[in-house]
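Peer 1: Sharing a structure, written as structure tokens. Questions coming.
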Amino acid sequence: MKLLYKYMSNPEYFLKEGYIRASQLSALNDPFEATYCKEALSDLCPHFEICDSPSELISYIEENKNKIGVISLTEAKDNLLMWSHYANEHKGAVIGFWAKSAFNGNMFTHLHEPRFNSTSLFDGFEMFHGECLPVMYRKQPRYRVDRFDFDYSNISAEGQDRILFEIFQQKSDEWIYEKEHRVTLRLDQADKIVVTDVHRLKNKHVLSKLLGIGSEDENGRFTVYLDKISDEIVREAYANNLVELSFDPSSLYLFKVGHVNSIIYGLNVSQSTIDGYQEELYNYRNIEQWKASLNHDFYTLEFSEIERT
């Protein structure tokens, strides 16, 4: 099993219910996310036998890349830049996850396997299984200089989703200090979705059904728990419509996570805040709690374990 970490500005939202966000393209902070060399991919396309033309493959990628989300984890629990940028200037926390479970191969309690819109020809060749993979750091976008350097022997069975999946698994090597590992998922696999102004949905029949099972607050934030819908086909139909709103970066696509190992509180987290989290932590058996502090001899953090009462 692989222990990886997630920096959070406010862990309370995770601790209360155990959902973690998969960020859609519009919400990611790197403008080069999901970029790739279209010319080189077009040259590769005739060797794949998955599309009638290169333009068809490119169109599929461009039309569907906003329907994908990534969960970013890291090997590093002590990176000072990430504590500042992603953990609210050391006022947040870092959560440790077993990113690969011995039981089901991923970090989720029960990952929904999509039935609609998959490009795979056979069971077992779908791309979005919740596996956490190290990011490939590169000098140039994918396919430009390495068009024949990967094993594409299964791509006829995997279909266009193979390309859609792998363009999210690579970044510029400017980011290498983050030591990132990613889970790349379809947004319609989400267990919980929160959107602003759900009334923007085009399908008014689906909208009326959603309004009957979800809740809307006074600020127009609509929440629906898709993991409480037993009919998986109905669940996916609702999710497919809610993915229309992924162009809005405030839309949240959340996944229920298990296999939590630890929480590390930032050095600027008060004791009263830590005490306030204890009730929520009863939901997590055997979770370790740690507190960060300054090392006065080096520019590093130290961690001391907090005994549970």
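The values are calculated or read from the model by the stated rules, or taken from the named source; none is laboratory data. Since the structure is predicted, the reported quantities are computational estimates derived from the model, not experimental observations. Note that we place each Cβ from the backbone using ideal geometry, even for glycine, and neighbour counts take in every protein chain shown. When the accessible area is computed, the model is the full protein with side chains, heavy atoms only, and any ligands, DNA or RNA have been set aside. Shrake-Rupley method; radii C 1.70, N 1.55, O 1.52, S 1.80 Å.
Here is a yes/no grid of residues against (1) of a type outside the set (Val, Ile, Thr); (2) open to solvent by 40 Å² or more (accessible area, probe 1.4 Å); (3) in contact with a strand residue (DSSP E or B) (Cβ under 8 Å, 6 or more places away or on another chain):
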position: Leu3; (1), (2), (3): yes, yes, yes
position: Gln24; (1), (2), (3): yes, no, yes
position: Asn29; (1), (2), (3): yes, yes, no
position: Ala34; (1), (2), (3): yes, no, yes
position: Ala40; (1), (2), (3): yes, no, no
position: Cys51; (1), (2), (3): yes, no, no
position: Glu63; (1), (2), (3): yes, yes, no
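Peer 1: Six or more apart or on different chains, Cβ under 7 Å: which pairs go from a residue in segment 215-238 that's in contact (Cβ under 8 Å) with a residue 12 or more places away in the chain to one that's assigned to a strand (DSSP E or B) and open to solvent by 50 Å² or more (accessible area, probe 1.4 Å)? Could you list them?
Peer 2: Once the first residue is in contact (Cβ under 8 Å) with a residue 12 or more places away in the chain and sits in segment 215-238, its partners that are assigned to a strand (DSSP E or B) and open to solvent by 50 Å² or more (accessible area, probe 1.4 Å) give Phe222/Glu216; Thr223/Ser215; Asp227/Lys256.
Peer 1: Specify which of the listed residues (Leu185, Leu211) is free of Cβ contacts under 8 Å to residues at least 60 places away in the same chain and either assigned to a helix (DSSP H, G or I) or not acidic (Asp, Glu) (or both).
Peer 2: Result: Leu211 is the single residue among Leu185, Leu211 that is free of Cβ contacts under 8 Å to residues at least 60 places away in the same chain and either assigned to a helix (DSSP H, G or I) or not acidic (Asp, Glu) (or both).
Peer 1: Additional query: Looking at Ser246, Ser262, Ser272 in this structure, which one is under 30 Å from Glu302 (Cα atoms) and in a helix (DSSP H, G or I)?
Peer 2: Of Ser246, Ser262, Ser272, the one residue that is under 30 Å from Glu302 (Cα atoms) and in a helix (DSSP H, G or I) is Ser272.
Peer 1: Being among the small types (Gly, Ala, Ser) and at pLDDT below 90 is the filter; apply it to segment 111-136 and report the residue that is surrounded by the fewest Cβ atoms within 10 Å (Cβ to Cβ).
Peer 2: Gly124
Peer 1: Can you tell me which residue among Leu57, Leu44 is surrounded by 20 or more Cβ atoms within 10 Å (Cβ to Cβ) and more than 30 Å from Thr223 (Cβ to Cβ)? Quick ask: steps written out before the conclusion?
Peer 2: Working: Leu44 fails: surrounded by 20 or more Cβ atoms within 10 Å (Cβ to Cβ).
Answer to the check: Leu57.
Peer 1: Based on this model, can you work out whether Ile233 counts as more than 21 Å from the chain's Cα centre (by Cα) and under 19 Å from Arg115 (Cβ atoms)?
Peer 2: Considered against the rule, which asks whether it is more than 21 Å from the chain's Cα centre (by Cα) and under 19 Å from Arg115 (Cβ atoms), Ile233 comes out as yes.
Peer 1: Condition test on Ile229, is it among the β-branched types (Val, Ile, Thr) and crowded, with 16+ Cβ neighbours inside 10 Å?
Peer 2: yes
Peer 1: Which of the residues belonging to segment 119-173 are among the hydrophobic types (A, V, I, L, M, F, W, C), more than 14 Å from Ile68 (Cβ to Cβ) and in a loop (DSSP other than H, G, I, E, B)?
Peer 2: Within segment 119-173, Leu121, Phe122, Phe125, Val135, Val145, Phe148, Phe150 qualify.
Peer 1: Shifting gears a bit: May I ask you to list the residues in segment 259-274 that are open to solvent by 10 Å² or more (accessible area, probe 1.4 Å) and in contact (Cβ under 8 Å) with a residue 40 or more places away in the chain? Quick ask: steps written out before the conclusion?
Peer 2: Step one: list which residues in segment 259-274 are open to solvent by 10 Å² or more (accessible area, probe 1.4 Å), which gives 259-261, 267-273.
Once the filter is applied, which keeps residues that are open to solvent by 10 Å² or more (accessible area, probe 1.4 Å) and in contact (Cβ under 8 Å) with a residue 40 or more places away in the chain, segment 259-274 yields His259, Val260, Asn261, Leu267, Asn268, Val269.
Peer 1: Might you check whether a residue that is part of a loop (DSSP other than H, G, I, E, B) and touching a His at 6+ places or on another chain (Cβ under 7 Å) occurs anywhere in segment 81-102?
Peer 2: Yes, that holds for at least one residue.
Peer 1: Taking segment 34-80, which residues are charged (D, E, K, R), part of a helix (DSSP H, G or I) and more than 23 Å from the chain's Cα centre (by Cα)?
Peer 2: Hits for segment 34-80 are Lys38, Glu39, Asp43, Glu56.
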